[in-house]
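Read the figures in this text as sums done on the coordinates, not as results from a lab. Just so we're clear, the structure is a prediction, and the values are computed from it rather than from any experiment. No Cβ is skipped: glycine too gets one built from the backbone with ideal geometry, and neighbour counts run over all protein chains shown.
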Amino acid sequence: MNNGKPTTIVIFGASGDLTKRKLLPALFELSREGLLPSQTRIVGFARREKSHEQFRREMQEGVLQFARSKPQSGAAGFDDFFAGLYYHAGTYDDPESFAGLNSLLQELDKASGVTGNRLFYLSTPPSLFFPIISKLGAADLIADIHAEESWSRVIIEKPFGRDLASARKLNRDILSVLHESQVYRIDHYLGKETVQNIMAFRFGNSIFEPLWNRRYIDHVQITVGEAVSVGSRAGYYDRSGAVRDMVQNHILQLVALVGMEPPASFAGNAVRDEKVKVLSSLRPVAAGEGNQLTVRGQYKGGKLGDNVIPDYLSEPDVSDGSRTETYAALKLYLDNWRWSGVPFYVRTGKALAKRISEITIQFRQPPLVLFGHAEHEGHVDGDHMQPNLLSLRVQPNESIRLQFGLKVPGSRMILQPNEMDFCYSDVFHTEQPEAYERLILDAILGESTLFIRDDEVDAAWRYVDTVLNAWQEDSSTPIGTYEAGSWGPAAVDRLLAKDGRKWINL
Ligand SMILES: NC(=O)c1ccc[n+]([C@@H]2O[C@H](COP(=O)([O-])OP(=O)(O)OC[C@H]3O[C@@H](n4cnc5c(N)ncnc54)[C@H](OP(=O)(O)O)[C@@H]3O)[C@@H](O)[C@H]2O)c1
């Protein structure tokens, strides 16, 4: 099956890590599965001079190493895919380079008898996003949105801004050249099957939705843990930190999907309208509230699996005395009808005990405790029965688990928590596509549901700016530390303990 109209995909930053590890492997898999439109051409753009042949060889290495189907060179369709790759050397702010690109694209169109549908993928440092877009506009490479015979779309990588002001400026600049419907801001989390499944689970089933509100839900926890140190990305990371790198995008997207109202349809704007409402209802962190609502930390050296890692402050390229957080936990409130008073506790960090992304919904206790309960995990919790928990595991070992109390066999009426679980790999034996496969295909098809709209970016930064400002103002409190391989600084337990709650043991 071929999808969509003939398309030329131009990747800016084609010599980079993302192109080699993710983008070309994703395009290869789409081609292998017959999902790319016929006559798809891929043009790499970067500064270094090289021939089309050299580019093809380099991309082959990446595909052989990283594509999920573990292809062999010479397999059916392999050579045909790479024959459709071209390279154009140029400078990102040089009009001549874009005029040259335009000529190459026209030649390719002419040779294959197609009209110019173009998907531009900006896989470069963010400082180049607007320079590239403005040169595309100036070189007449962006089709009018009303043109019937051809379209132009631009995928923009993350990070999108580093605070509200820079994100707004970038949006304004971009939208001076492109129409919003031509802009595809990527958050690869949304391309993950299990993230899309949050919507399927909520809105494709009727049993949980009536409970999905402040009356039945006690609180929500979201953990996105990474079990690696900053490693070779230390320079980038030190200018960013956990909140900018993970919370502003991935975690707030998970909050939006868990918190949103049912959309009128699954169309791009209907879903995104609902997500914006959630993000706009995030309660700002007021001046002086930073220590009540947030915890930040930096990892100390230690062992992560078989690797010994240094203290964050001793990583190469980390600035002396850096106060960049490698860990952040936040207590969020959505001030809206559905969620009023229900905290969302979120945490993320580098060098943690596990690589794991999981959402847990903790339901309220029954109104009256009628039963005793069995010893659980070696101790008896005298005050409460174990709550009902619904856990959605995004990665790894994607699964959905429901914890509920059951009577322990015997003469006494005592309850013990048990789990019903569903593991994706036990049921669906096909390999899940990589996030980038789904997202690139959606962009080719003009399907924008899984991309971030300008007002979503704005609303997320409006909240995140308040966290960053609270931290900025509090420059005297030392940043907490945590051992590599642990679950974060000690203060993170207190964030929940003071509300009479605790983190789910992952
Ligand atoms: N790598 C990942 O896993 C990952 C994950 C999520 C998001 N991203 C985002 O995806 C984008 C690309 O990531 P990447 O890791 O592939 O980046 P990268 O390797 O650092 O850079 C991509 C390309 O951009 C060009 N470039 C780099 N610095 C430049 C500069 N100062 N001036 C002009 N050109 C420069 C280089 O190409 P030439 O010098 O050959 O022109 C380079 O090959 C970034 O926005 C990143 O934040 C990456």
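Near V43, the amide H atoms lying under 5 Å from its own belong to I9, V10, I11, Y86; only residues 5 or more places off or on other chains count, and H is placed 1.01 Å from N. Each Lys or Arg adds one and each Asp or Glu subtracts one; over the other residues with Cβ under 9 Å from the Cβ of L389, this totals 0.
Available extension along the chain between D499 and D426 is 22.5 nm, counting 0.36 nm per residue and deducting the alpha carbon span. Mean separation of Cα pairs under 8 Å and 6 or more residues apart, divided by the residue count, gives segment 8-157 a relative contact order of 29 percent.
Ranked by how many other Cβ atoms sit within 10 Å of their own Cβ, fewest first, the residues R41, R215, R323 fall in the order R215, R323, R41.
Within the shell defined by Cβ-Cβ distances under 12 Å, the residues around T7 carry a net charge of +3, with Lys and Arg each +1 and Asp and Glu each -1.
Summed over all non-identical Cα pairs, the Kirkwood treatment of segment 8-157 gives a radius of 15.7 Å. Each of L468, L506 has some number of other Cβ atoms within 10 Å of its Cβ, and from fewest to most they run L506, L468. Among DSSP bridges having both ends in the chain, what percentage is antiparallel? Round to the nearest 5. Rounded to the nearest five, the antiparallel share is 55 percent. Orientation-averaged projection of segment 190-497 equals 18.6 nm² [convex hull of Cα atoms, one quarter of hull surface area].
Taking amide H as placed 1.01 Å from N in the peptide plane, V394 has its amide H under 5 Å from the amide H of S357, E358, I359, each at least 5 places away in sequence or on another chain. Positive contributions from Lys and Arg (+1) and negative ones from Asp and Glu (-1), summed over other residues with Cβ under 9 Å from the Cβ of R162, come out at +1.
Phi-derived couplings, Karplus 6.51 cos²θ - 1.76 cosθ + 1.60 at θ = phi - 60°, listed residue by residue for segment 420-429: 9, 10, 10, 10, 3, 5, 6, 9, 9, 8 Hz, with x used for Gly and Pro.
Taking the alpha-carbon centroid of each part, what is the distance from segment 265-316 to segment 2-48 in angstrom? Cα centroid of segment 265-316 versus Cα centroid of segment 2-48: 31 Å apart. The Cα center of segment 461-506 and the Cα center of segment 141-171 differ in position by 34 Å.
Using only side-chain charges placed at the Cβ, +1 for Lys and Arg and -1 for Asp and Glu, the dipole size of segment 15-56 relative to its Cα centre rounds to 160 debye.
Here the Karplus relation 6.51 cos²θ - 1.76 cosθ + 1.60, evaluated at θ = phi - 60°, turns the backbone of segment 73-79 into coupling constants of 5, x, 5, 4, x, 5, 5 Hz, with x for every Gly and Pro.
Ordering T430, T326, T223 from the fewest to the most neighbouring beta carbons within 10 Å gives T430, T223, T326.
In this Cβ point-charge picture (+1 for Lys and Arg, -1 for Asp and Glu), segment 8-157 has a dipole of about 540 debye about its Cα centre. Only Cα pairs under 8 Å and 6+ residues apart enter the sum, and on that basis the relative contact order of the chain stands at 17 percent.
Scan the chain and report its longest stretch carrying no GluC sites (Glu not before Pro) that are both in a DSSP loop and have at most 15 other Cβ atoms within 10 Å. Longest run free of exposed loop sites: 150-288.
Computed log10 I(q)/I(0) for segment 248-306 at 0.12, 0.25, 0.28 Å⁻¹: -0.50, -1.04, -1.16, from the Debye equation with unit scatterers placed on every C-alpha and solvent omitted. What you get for segment 190-497, charging only the Cβ of Lys and Arg (+1) and of Asp and Glu (-1), is a dipole of about 660 debye around the Cα centre.
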